[in-house]
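The values are calculated or read from the model by the stated rules, or taken from the named source; none is laboratory data. Everything quoted here is computed from the prediction, not taken from an experiment. Glycine gets a Cβ as well: all are built from the backbone with ideal geometry, and neighbour counts include every protein chain shown.
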Amino acid sequence: MEDTFAAKANEWDSNPLRAEMVKKFLHEVHKYAISEKRERMIDFGCGTGVVGLDFIQSTSEVIFIDTSPAMLHVLRQKVSDANIAHARIIEGSIEQSDEAQKADLITSLMSIHHVEDIDLILRQMAARLTPDGQLIIGDLMPEDGSFHHPEVVPHNGFSAEKLEKSLAEAGMKISHFSVFHTMHKPSQNGEKKAFDLFVLVATKA
């Protein structure tokens, strides 16, 4: 499978728009995460691992999951440089993680709109959470497809209603949903366009 992030991975962290988004998402995660000390965390669609690495000192094990070899190459270098022993990196999807190893926290930033079967991935996430664990997602509100233009992705954002229904079917419920950031990106005509990003916190029903 083609790695669509291969040409972007080395410069991924240096993009100021992305850095601002990550900073604001981390603020939300720290605000809503119940415990600052946890046994296991899963960073799904981790990219270069910026979110998961922010929790590396307060978590016994962080599992990083992504389908991009190039992104994970950057992450592995970070882990090696920092001599981190309790990071586990999985190239693939969440189904390749051990369902028996429950996580206290699962995060996903700007990843689930790349996943074709959203209902399946949410069920898989729910299956890997402890009974009192939390799922915290940051992603796009509904948009017209211009965020990724000319690329095409499976989902052009999500409404709260759509995610509430999918999460309910996965045995979860939303405890918080709000817009946490507005990103301004050039559109296909060169003009800057505003894209709202939501943060969602969910727990097992």
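Brief remarks follow.
- Residue match in segment 90-107 (condition: touching a residue at least 60 places away in the same chain (Cβ under 8 Å) and surrounded by fewer than 18 Cβ atoms within 10 Å (Cβ to Cβ)): yes
- Residues in segment 136-159 include at least one that is in contact with a strand residue (DSSP E or B) (Cβ under 7 Å, 6 or more places away or on another chain) and modelled with pLDDT under 95.
- Filtered by the rule that a residue be part of a strand (DSSP E or B) and of a type in the set (Asp, Glu), segment 173-205 gives a lone residue, 196.
- Counting only residues that are of a type outside the set (A, V, I, L, M, F, W, C) and touching a strand residue (DSSP E or B) at 6+ places or on another chain (Cβ under 6 Å), segment 79-96 holds 3 of them.
Conditions (1) of a type in the set (Ser, Thr, Tyr); (2) over 16 Å from the mean Cα position of the chain (by Cα); (3) crowded, with 17+ Cβ neighbours inside 10 Å, marked per residue:
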residue: 153; (1), (2), (3): no, no, no
residue: 179; (1), (2), (3): no, no, no
residue: 184; (1), (2), (3): no, yes, no
residue: 189; (1), (2), (3): no, yes, no
residue: 198; (1), (2), (3): no, no, yes
residue: 205; (1), (2), (3): no, yes, no
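- Among the numbered conditions (1) at pLDDT 80 or above; (2) exposed (fewer than 13 other Cβ atoms within 10 Å of the Cβ), the only one that residue 27 does not meet is (2).
- Only one entry of 120, 109, 105 meets the criterion of being closer than 18 Å to residue 200 by Cα, at pLDDT 95 or above, touching a Ser or Thr at 6+ places or on another chain (Cβ under 9 Å) and not small (Gly, Ala, Ser), and that entry is 105.
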